[in-house]
1. Among what's in the stretch 161-173 and is loosely packed, with under 15 Cβ neighbours inside 10 Å and under 22 Å from Gly114 (Cα atoms), pick the residue that is modelled with the highest pLDDT.
2. Which residue pairs have Cβ atoms under 6 Å apart, sit 6 or more places apart or on different chains, and have a first residue in the stretch 106-119 that is free of Cβ contacts under 8 Å to residues at least 60 places away in the same chain and a second that is of a type in the set (Val, Ile, Thr) and not in a loop (DSSP other than H, G, I, E, B)?
3. Out of curiosity, is Lys223 at pLDDT 85 or above, assigned to a helix (DSSP H, G or I) and open to solvent by 70 Å² or more (accessible area, probe 1.4 Å)?
4. Under 8 Å between Cβ atoms, at least 6 apart or on separate chains: pull out the pairs that start in the stretch 251-264 with a residue that is closer than 17 Å to Val322 by Cβ and end on any residue that is surrounded by 15 or more Cβ atoms within 10 Å (Cβ to Cβ) and modelled with pLDDT of 80 or more.
5. In the stretch 310-332, which residue that is farther than 13 Å from Asp464 by Cβ and either without any contact (Cβ under 8 Å) to a residue 60 or more places away in the chain or among the polar types (S, T, N, Q) (or both) is surrounded by the fewest Cβ atoms within 10 Å (Cβ to Cβ)?
6. Find the residue count for the stretch 112-146, including only residues that are within 18 Å of Met159 (Cα to Cα), open to solvent by 60 Å² or more (accessible area, probe 1.4 Å) and not in a helix (DSSP H, G or I).
Amino acid sequence: EWIDGTRLDVSASPDVPRLCGVAINAYLTMLLDTGTLHCDPHPGNLLRTYDGRLCILDWGMTLQVPNDLQYALLEFIAHVNTEDLDAIPRDFVNLGFTPPDKLERVANSGITDGLSFMLRQLSGGGGAKAMQQRVRAELQERYGTEDKDEIRKLARAEMVQRMEDQLASEGVDVRGVSNVMEEMSRRNRELFQLPTWVLYVVRAFSTLEGIGLSVDESYAILKECYPYLARRLFKDDSPRARAALSAMIYGKNSDTIDVDKFLEMTDGFASYTSATSGAGLSDGSSEVVVADSDKASQEAQRELVADVLFAEDSNLVQETVVKEAASLLDASVRAALTDAIDATPLLPHKLNGEEADGPLRSAIAGLRNLPGPARAALLPLTGGVEAAAALAETIAPLVKADERDRKVLGAAEKIGGLVNGGGEGSVDPQKVVEALSTSDVDLTPETARRAGLVGRRFAAAVLDRAAERAHGAGGVG
C-alpha cells in the first residue's frame with residue numbers, strides 16, 4: 001500500500017509536536033499493552049500523512065514483549081518515580097539486567113544512586129546539551145568551584161573513594177588492587193547485561209526525542225510518557241499494576257495518600273485524551289484541524305468518571321477516592337466535635353492541645369476532685385454538670401484528632417485550594433456542589449446506577465472508619 005505524506009522530522013506543519021505525542025503513546029502502547037514493538041523507528045519510517053495523521057512504516061522487524069516484562073517495566077517506572085531506590089535492584093533482575101544470583105551485590109553497589117541522578121537530569125528535557133548544563137551546574141554547587149579541571153579532579157577522587165569503599169565492603173583488600181577503576185569495571189560486567197529489547201526501545205525513543213527536540217528545544221520525553229502511564233495504571237486493576245499505582249500515590253511505606261502525586265496522575269490521565277486526539281480536514285483542504293480541546297477534555301472526564309471512578313468492579317483508584325472521602329468526613333466531623341467540646345469548660349484540658357484556663361473550667365475540675373461524701377452531697381445542685389462532664393470525658397477519646405486526621409485535613413486544604421481556584425484553603429462545599437452540578441460529563445443511566453453502587457461502598461467505608469475508631473478508643477480505655 002502506498003502512503004502519501006511527509007517525513008515527520010522534516011515536516012513544517014504546526015501539528016508535529018502533537019504527532020510526536022501520538023507516536024510516543026503508540027510506542028508505549030506497543031511496549032506495555034499490545035506486546036508487539038516496532039523495532040525500526042528511524043525518521044524515514046515516521047510520516048505525517050496529508051490529512052494530519054501519524055503513519056509508522058516498515059513492520060518487517062518487530063519484537064514480542066512478554067506480559068511479565070511489561071509489568072516489570074511498570075514496577076520499575078513506579079519505583080523510579082517515587083525514588084524507592086531499595087526496590088530497584090529487584091527490578092533490574094525482573095527486567096533481565098542482572099542475574100538473580102547477583103541481586104545482593106547490586107543492592108550493595110550504590111548503582112541506584114547514579115541511576116537516580118541520571119533520570120533526574122533526563123527528566124528536565126532539552127536533550128544532551130541541556131542535560132550537560134544541568135549536570136555542570138549541580139557539580140559546581142557540589143564542589144564549590146567553577147574550574148573544570150578542579151571539578152574533574154574532585155569528581156574522580158570521589159568516584160575512586162566510592163569504588164574503594166565498595167570493594168572493601170565485599171572483603172577485597174584495596175591495597176592489593178593496582179587499578180581500582182578497572183577492577184570495578186570487571187566486577188560490574190558480572191552484575192549487568194543488556195537484554196536485546198533494551199536496544200530496540202532505546203533506539204525508538206531516542207529517535208522520537210530527536211524529532212521532538214527539532215521542534216521544541218526544551219522537549220522532555222519522560223514528561224511526554226507520563227499521560228499514558230497514568231492511564232495505563234488507572235485502568236489496569238491486576239495485582240502488579242495495583243502495586244505499582246499504590247507505590248506512586250502512597251509512596252514508600254505510607255498509608256497516607258500523596259495528594260500532589262494523585263492529582264498529577266489524574267491530570268495525566270485526562271491529558272492522554274488530548275495528546276492522542278484525532279485530526280481531520282477543513283473544507284477539503286490539507287489544513288490540519290486539531291480536535292476541539294473542550295471536546296477532548298469532556299471525553300477524558302467521561303472516561304475517568306464512568307470507566308474508573310464509577311466502575312462496576314472496584315479498582316484501586318475508586319477505593320482510594322472512597323477511602324479518602326470517608327476519612328475526610330470522619331476527620332471533619334470529629335474536628336467539629338472537638339471544637340464543640342473545647343468551647344465548653346467540661347474537661348480540665350482542651351482536646352486540641354491548647355492551654356485551658358478560666359474560673360469555670362477550674363471550678364468544674366475542682367468539683368470532680370472533691371472527696372466522695374462532699375461530692376455526693378452536692379449532686380442535687382451539680383448533677384447536670386457532673387453528667388455533662390462525664391459524657392464529654394467518655395466521648396473525648398472517640399473525637400480527639402490524631403496525626404492521621406491532621407494529614408487528612410491537610411490534604412483537604414490542598415484540594416480545597418484547587419476547588420476554590422486559589423492557594424490552599426478549606427473546602428467550600430457550595431463550590432464543590434456547583435462544580436459537580438455544572439459538569440459537562442453526561443452520566444448515562446448505567447453510569448448513574450454504578451454511581452449508586454459506589455455510594456454504598458462509601459457508606460460502608462464510613463461505617464468501617466467509625467468502627468475502627470470505636471475499637472481503638474475501647475482498646476485505649
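1. Per the criteria, the residue is Gln161.
2. Thr112/Ile88
3. no
4. Thr256/Tyr250; Ile257/Ile249; Ile257/Tyr250; Ile257/Thr320; Phe262/Ile249; Phe262/Thr320
5. Ser314
6. Of the residues in the stretch 112-146, 1 are within 18 Å of Met159 (Cα to Cα), open to solvent by 60 Å² or more (accessible area, probe 1.4 Å) and not in a helix (DSSP H, G or I).
Listed here are the residues, each with its yes/no results for (1) hydroxyl-bearing (Ser, Thr, Tyr); (2) modelled with pLDDT of 75 or more.
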position	(1), (2)
Thr112	yes, no
Gln121	no, no
Arg134	no, yes
Ile151	no, yes
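The values are calculated or read from the model by the stated rules, or taken from the named source; none is laboratory data. Being a predicted model, the structure only gives us computed values, none of them experimental. Reconstructed Cβ throughout: ideal geometry from the backbone, glycine too, with neighbour counts over all protein chains shown. For accessibility, only protein heavy atoms count, side chains too; no ligands or nucleic acids. Shrake-Rupley method; radii C 1.70, N 1.55, O 1.52, S 1.80 Å.
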